[in-house]
Structures are given as C-alpha cells and as structure tokens.
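A short write-up of the structure that comes next.
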Amino acid sequence: MVETILITGANRGIGLALTKLSLIKNLNIEACFRDNKKSEELQELSLEHPNLNIHEMDVTNSESIKKISQNINFKVDILVCNAGVNNGKGDIFSKEHNEKAIMDVMMANVAGPFLTIKNFYKNLNVNHGAKIAIISSLMGSQQHSSSNAPIYRASKAAANNLMRTISNQFINDNVIVASYHPGWVRTDMGGSHADISPEESAEGLMKQFLNLKLNDTGKFFNYDGSILPL
Ligand SMILES: NC(=O)c1ccc[n+]([C@@H]2O[C@H](COP(=O)([O-])OP(=O)(O)OC[C@H]3O[C@@H](n4cnc5c(N)ncnc54)[C@H](OP(=O)(O)O)[C@@H]3O)[C@@H](O)[C@H]2O)c1
C-alpha cells in the first residue's frame, strides 16, 4: 500500500526537502504552503508529479485548514506539522520580542500543530496506525542553560507538551504522536552556518517517521532517532 504523507510549510526549508524525499520514495503527498509567491518550486514540482497535491493553507487559521481537510483524496498515514516561525532571537530585553512577534511565534508553533491535528484527525488512516510528527526543536527542551530566544523556546516546549497530551488522547486509537528536533539545519531559519543540509535532516526524519512504533508515542526524538529530554 502506498502511504500518504501530509506536510505543512512544504514550500521551503525542511518541509520542501521532506516533500522532495517523499517523491523519491513514491509516497502520495499532500503538501501545504501558505503563500503562493514563495511557493514556485513546489508548484513546479506538482506539475511534474501526479502524486504531489498542493494546497494553500495557513496553520493558524481553522477555516483555511478545514477547507483543505474536506478536499484531500487520500487517508493520511503520516501527518507532519512542520510549519514554524522564529522571529525573536535575542534575550528577554530584545526589541524583537514585541507583542506581534510573540503572537506570531505562539500561533504558528503552538496553535498551528494543535489546529492542524484537530482538523485533520478525521483524515487519518486510523485503521492502519497513522502517525503524527510535530517538528519541534531542542531549543524547547527544559534541559538547557541559554537565555536567547525565550519565546521561541517556550513555543517549542509547549509544542512538546502538546505532543504528550495529544499522544495520551490518541493512544487507544493506535495513532502515534511524537515530536522531533530536525537538527540545526541550513534553512532561512537555521542560517547558512548551521550543521546539516535540509536534505540530511529530511533523510533522518523520514527514516524515523517510517519506522515509528506505538511504543514511541509521547516521545521527543532527534532526527537521527536518539531520544531527547523534554
Ligand atoms: N532550521 C533549523 O535549524 C531548525 C531547528 C530546529 C527546529 N526547526 C523547526 O523546523 C521547522 C521548519 O523550519 P525551517 O528551518 O524549514 O524554517 P523556514 O525555512 O523558515 O520555513 C518555515 C516554513 O514554515 C511555514 N510557515 C510559517 N508560518 C506558517 C503558517 N502560519 N502557515 C503555514 N505555513 C507557515 C513557512 O511558510 P512561508 O514560506 O509562507 O513563510 C515555511 O514554509 C520549524 O517548525 C522550525 O521551528 C528548525
């Protein structure tokens, strides 16, 4: 059976790398993007590949998500909540942490996975052990001693907490929920000095998604499969 993967924030960075890798693996792909103008490569790919369906969707907007959840053709085996924002990197006194920046990060990184999972639950291939992967960050782990990016860290800690709570709710349905640190990745967010390429991150993440077992639910993993502290 060909598996179907749904990826949010699929137009650039890690999401686009996961989309391209899904094409190589011949999966059915429902790839979601927010902004037409930033999604040309994804749009071109969808013209070349009939197994790649693309959808305009903002993860902070329930109506936008519901519209897509009513229009996808396949039951989803792997739901990847990848879309995210980091627009405040300084410490607590940084001007970057204004109310709008705080709201944007919290809405995309916390409300985003919440609303995506809530509205796509009915699309999941529950009978075949569907999997939900939230792309979090090691920066959200409580085991750190840094003072930068407090709001981004808090948003990813909340995303991990959400993962735990939702995993408890879905365990009896055999739906697996886990969160992932994708590595420090050379994307617009990670910057050009980061450790690994989006392709290396996607390779590691995909291997983990495909091998996820019920026993893994509620856990926070690195892209190489090692367990991380929440
Ligand atoms: N890069 C790293 O080193 C790193 C490390 C740890 C965790 N992460 C996490 O990995 C994920 C992907 O990061 P990345 O490095 O690929 O970042 P990126 O290059 O900045 O891409 C972010 C993606 O999220 C999308 N997005 C943001 N807000 C959205 C919204 N409201 N609705 C729909 N899509 C939205 C963006 O769409 P637009 O193009 O429309 O803006 C873009 O596709 C994020 O959750 C990030 O926090 C990244």
Self-check item: Odd one out for Val76 among (1) modelled with pLDDT of 95 or more; (2) more than 20 Å from Ala202 (Cβ to Cβ); (3) buried (at least 20 other Cβ atoms within 10 Å of the Cβ)
Solution: (2)
Exercise. Search the range 158-180 for residues that are touching a residue at least 40 places away in the same chain (Cβ under 8 Å) and pair each with any residue that is part of a helix (DSSP H, G or I) and open to solvent by 80 Å² or more (accessible area, probe 1.4 Å) when their beta-carbon atoms are under 7 Å apart and the residues are at least 6 apart or on different chains.
Key: Leu162/Phe114
Quiz item: Quick one: which helices (runs of 4 or more DSSP H) sit completely within the range 91-194 and have at least 1 residues that are more than 16 Å from the ligand (Cβ to nearest atom) and open to solvent by less than 60 Å² (accessible area, probe 1.4 Å)?
Solution: 150-170
Exercise. Quick one: which residue in Asn53, Asn26 is more than 15 Å from the ligand (Cβ to nearest atom), closer than 17 Å to Lys75 by Cα and surrounded by 13 or more Cβ atoms within 10 Å (Cβ to Cβ)?
Key: Asn53
Quiz item: From the residues in the range 29-50 that are of a type in the set (Lys, Arg) and over 16 Å from the mean Cα position of the chain (by Cα), which one is nearest to the ligand (Cβ to nearest atom)?
Solution: Lys38
Practice problem: Evaluate the range 84-105: report whether one residue or more is touching a strand residue (DSSP E or B) at 6+ places or on another chain (Cβ under 8 Å) and closer than 24 Å to Val177 by Cα. | Solution: yes
Practice problem: Kindly list, by first and then second residue, each pair from a residue in the range 32-48 that is more than 12 Å from Arg12 (Cβ to Cβ) to a residue that is within 9 Å of the ligand (Cβ to nearest atom) and not acidic (Asp, Glu), limited to pairs with Cβ atoms under 7 Å and residues at least 6 apart or on different chains. | Solution: Cys32/Thr8; Cys32/Ala10; Cys32/Met57
Quiz prompt | Answer residue from the range 195-212, given it is within 12 Å of the ligand (Cβ to nearest atom) and under 14 Å from the mean Cα position of the chain (by Cα) and is most open to solvent (accessible area, probe 1.4 Å) among those | solution = Pro198
Practice problem: Please work out which one of (1) out of contact with any strand residue (DSSP E or B) (no Cβ under 7 Å at 6 or more places or on another chain); (2) surrounded by 13 or more Cβ atoms within 10 Å (Cβ to Cβ) is the condition Ser226 fails and give its number. | Solution: (2)
Practice problem: Could you tell me which residue of the range 2-12 is farthest from Asn36 (Cα to Cα), considering only residues that are open to solvent by 10 Å² or more (accessible area, probe 1.4 Å) and in contact with a helix residue (DSSP H, G or I) (Cβ under 6 Å, 6 or more places away or on another chain)? | Solution: Gly9
Self-check item: Residue count, the range 195-221 (criterion: under 18 Å from Met139 (Cα atoms), touching a Phe, Trp or Tyr at 6+ places or on another chain (Cβ under 9 Å) and part of a loop (DSSP other than H, G, I, E, B))
Solution: 1
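The values are calculated or read from the model by the stated rules, or taken from the named source; none is laboratory data. These numbers were taken from a predicted model, which means no experiment stands behind them. No Cβ is skipped: glycine too gets one built from the backbone with ideal geometry, and neighbour counts run over all protein chains shown. Please note that ligands, DNA and RNA were not included when accessible areas were found on the heavy atoms of the full protein model with its side chains. Shrake-Rupley method; radii C 1.70, N 1.55, O 1.52, S 1.80 Å.
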